[in-house]
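What follows is a short report on a single structure.
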Amino acid sequence: MGSTSTKIKLRTSDQKVFEVEKAVAVQSQTIKYIYENGCPDSVIHVHSVSGDILSKILDYCKKHVNSAAGKEDISPEELYEWDANFVKVDQNTLFDLILAANCLKIESLLDLTCQTVANMIKGKRPEEIRTTFNIKNDYTIEAEEAVRRENKWAFDMLGGVGTMVIEELADDTMSKCVTNTKSRVCVIAANQIVMMRSISKLANKKSIDVYKQPQNPTTPRIKESVKQRNVGTGFIELFFHFKCKM
Amino acid sequence: MEHLPVEVIGNILSRLGGARDVVIASVTCRKWREASRKHLHTLAFNSNDLPPYRDITPKQLEILITQTIFQTTGLQGLSILMDDVDEFSASTVIAWLMYTRETLRRLFYNVRTSPNVNILEICGRQKLETLALAHNSITGVEPNFQRFPCLKSLSLSHVSISALDLSLLLTACPKLESLELVNLEIAMSDAQVTVELSCPTLKSIYVEAISLDKFMLEADSIERLHLRDCALELFELIGIGTLKYFKIDDVSVIHLDIGETIDNLEVVDVSNFTIIWPKFYQMISRSSKLRKLRLWDVAFDDEDEVVDLETIAVCFPQLKHLALSYELRDGVMHYGLQGSSNLENVMVLELGWTVINDLFSHWVEELLKRCPNLRKMIIFGSVSEVKSHEECQILANFTSSIVQLMRKYMNVEVHFEFE
């Protein structure tokens, strides 16, 4: 019975000492291994983790240990929500948590934090990902092009969700459309008279791909049957599949 | 971000959910590219995630899947779930499976292969932990040569397999814990279609849309049993009383036997079923640990039978969640409400009607009296499209009486769900 209240001391990189229950500390496979194979009485050094981060991690471990042991009356949904709130931190903290979870081998925390980052990446283009995480693009132009070409299908412009069609609009209305849209793709219908330069400039600022449907009457016409959605600005955005490059 | 090791980036990219997102993200920088090539553990091609797939032909899909898989190494999870694709060619599927054979732990595949390929023969078996197969057929199972030493979860959907092969397959999986059988086409040699399965490690089984004469399952570790939309003459569960969760939904079964010693039941959920009350009662009455009881859209074999609250209160003192919906008939309803024992621990009450009548509000009132610690009540009603004047009147009366009633129970949260 004495083992349930055994405490383990942990010293962080910034010389802070934490005393925690064994059950909580051994959520970390690394600490567990050191404890079981090393000297259980002395302090375990967690060199790579700072006091703040370890404190957060111990909160996480404690919550999960308590809920699993039934010490805390918390439903799976409530725990899920708690986890979701736990990762609502700034980017630096999130990455520190990932590094610490990786180093301390706390699988569930690593899964949670990695999934959080994955959710931030999903649906973004490379340029956006780089901006979000402040990543330097160390590709040469040829190398990047090679990867894109090798995986053409992923980068090909397939209409899909979030495509805006511009047809029979006046110039200023058209500019408003492009400025306010959340679409990634803008298709200009064949019969639309447009000042391509001004539209391209606007579109580039927002990383929108602009495609102009050619005048050729044999080009496949827009499939109407997919979806229509009314956007707050009062313009209608069409979602459809359409392939045609300028 | 720069400090994250490449394996961790691989872990992150593996959680993106779709191969397209992974490929796009890999262009971010060279480290990410390396992560996607050498440290990606999961890759998924799912048609419902990615609308653009609908415009690509199966042949083109085969090409892009092959190109993408072959850019990775050490893949542990492969998911190819394409609902709109008729079939993939056997040689391509074989290539995917052989390439990932050494490291694969999870395989999800639901596209017909032409000509038919024995997926079990080709996919990696040594490390496989999860296998979900659909729209393929399984033949010639040889447990001596094809063992799945790590398989914990098996799901077969729209698969054609013989009863013998199914039973042999389970013997080839010494660690199986979860089994899902959906819409199986069971090939039988005799006139009687019988399935006899034995799996000592099985904890959970889900069976949907199966029609058989006899289904026997021997499982000494079973905890969850869920049958849905099945037509069976006989269903027999042979175990040692470990069952905790029992759910049947829209099942027609003449002889249902889930064992003699089922004292550990925690959840019993029966819907769209005709209950023979004495037999049913005998089955569950010793489950004093029961937490949730749901009898929804049930009919009783004997018209005079009813669920009586006294029995429920006495047999299931730990009941927290009670859900009842069946036709209320005058004489019988009062019999069911006799007695004075309260359902002390019931916190959630779900009550439903199929045809509304005046008895319903009275029934709700009586039930509220018997649940002193109730916190939440949900009323489910079906409202017919064409409402006669009478029906409108009944609904109005019901609404008024509920409003009045709930004034007495201010601490109970009430919700309504109408369909």
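The values are calculated or read from the model by the stated rules, or taken from the named source; none is laboratory data. This one's a predicted model, so the numbers in the text were calculated from it and none came from an experiment. Using ideal geometry, Cβ is built from the backbone for each residue, glycine included, and neighbour counts are taken over all protein chains shown.
Residues that are surrounded by fewer than 18 Cβ atoms within 10 Å (Cβ to Cβ) and under 25 Å from B:HIS41 (Cα atoms) within segment B:136-151 comprise B:GLN146, B:ARG147, B:PRO149, B:CYS150, listed in sequence order.
Is it true that some residue in segment B:248-257 is of a type in the set (Val, Ile, Thr), under 19 Å from the mean Cα position of the chain (by Cα), modelled with pLDDT of 90 or more and part of a loop (DSSP other than H, G, I, E, B)? Yes; the residues of segment B:248-257 include at least one that is of a type in the set (Val, Ile, Thr), under 19 Å from the mean Cα position of the chain (by Cα), modelled with pLDDT of 90 or more and part of a loop (DSSP other than H, G, I, E, B). Filtered by the rule that a residue be aliphatic (A, V, I, L, M), closer than 22 Å to A:THR131 by Cβ and more than 7 Å from every other protein chain (Cβ to nearest Cβ), segment B:25-52 gives a lone residue, B:ALA35. In segment B:336-351, the residues that are under 21 Å from B:GLU305 (Cα atoms) form Cβ pairs under 6 Å with partners that are surrounded by fewer than 16 Cβ atoms within 10 Å (Cβ to Cβ) and of a type in the set (D, E, K, R), at six or more places apart or across chains, as follows: B:LEU337/B:GLU366; B:GLY339/B:GLU310; B:SER341/B:GLU310. The set of residues from segment B:15-24 being buried (at least 24 other Cβ atoms within 10 Å of the Cβ) and more than 7 Å from chain A (Cβ to nearest Cβ) comprises B:ALA19, B:VAL22. For segment B:152-177, filtering for residues that are crowded, with 16+ Cβ neighbours inside 10 Å and under 22 Å from the mean Cα position of the chain (by Cα) leaves 18.
When B:GLU62, B:GLU121 are checked against the criterion of being part of a helix (DSSP H, G or I), of a type in the set (D, E, K, R) and away from chain A (no Cβ under 14 Å), a single residue qualifies: B:GLU121.
Listed here are the residues, each with its yes/no results for (1) facing chain B (nearest Cβ under 7 Å); (2) assigned to a helix (DSSP H, G or I).
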| residue | (1), (2) |
| --- | --- |
| A:PHE95 | yes, yes |
| A:CYS103 | no, yes |
| A:SER108 | no, yes |
| A:GLN115 | yes, yes |
| A:GLU127 | no, yes |
| A:THR132 | no, yes |
| A:ILE135 | yes, no |
| A:GLU145 | no, yes |
| A:ARG148 | yes, yes |
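Take the conditions part of a strand (DSSP E or B) and within 20 Å of B:CYS173 (Cα to Cα) and apply them to B:LEU107. Does it pass? Answer is yes for this residue. Just to be sure, is B:VAL85 farther than 30 Å from A:ASN134 by Cβ, aliphatic (A, V, I, L, M), away from chain A (no Cβ under 12 Å) and part of a loop (DSSP other than H, G, I, E, B)? Answer is yes for this residue. The C-beta contact set for segment B:1-14 (first residue more than 7 Å from every other protein chain (Cβ to nearest Cβ), second residue polar (S, T, N, Q), distance under 6 angstrom, 6+ apart or interchain) comprises B:LEU13/B:SER36; B:SER14/B:THR42. Only strands (runs of 3 or more DSSP E) whose full extent lies in segment B:316-419 are considered here, and the ones with at least 1 residues that are among the polar types (S, T, N, Q) are B:321-326.
Find the residue count for segment B:336-388, including only residues that are of a type in the set (Gly, Ala, Ser) and within 15 Å of B:TYR409 (Cα to Cα). Going through segment B:336-388 one residue at a time, the tally reaches 1.
Condition check ((1) of a type in the set (Ser, Thr, Tyr); (2) farther than 18 Å from B:VAL270 by Cβ; (3) under 32 Å from the mean Cα position of the chain (by Cα)) across all residues:
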| position | (1), (2), (3) |
| --- | --- |
| B:VAL307 | no, no, yes |
| B:GLU310 | no, yes, yes |
| B:PHE316 | no, no, yes |
| B:SER341 | yes, yes, no |
| B:LEU359 | no, yes, no |
| B:LYS369 | no, yes, no |
| B:ARG375 | no, yes, yes |
| B:GLN393 | no, yes, no |
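Can you say whether B:ILE222 is buried (at least 18 other Cβ atoms within 10 Å of the Cβ), closer than 30 Å to B:PHE148 by Cα and aliphatic (A, V, I, L, M), as far as the supplied structure shows? Yes.
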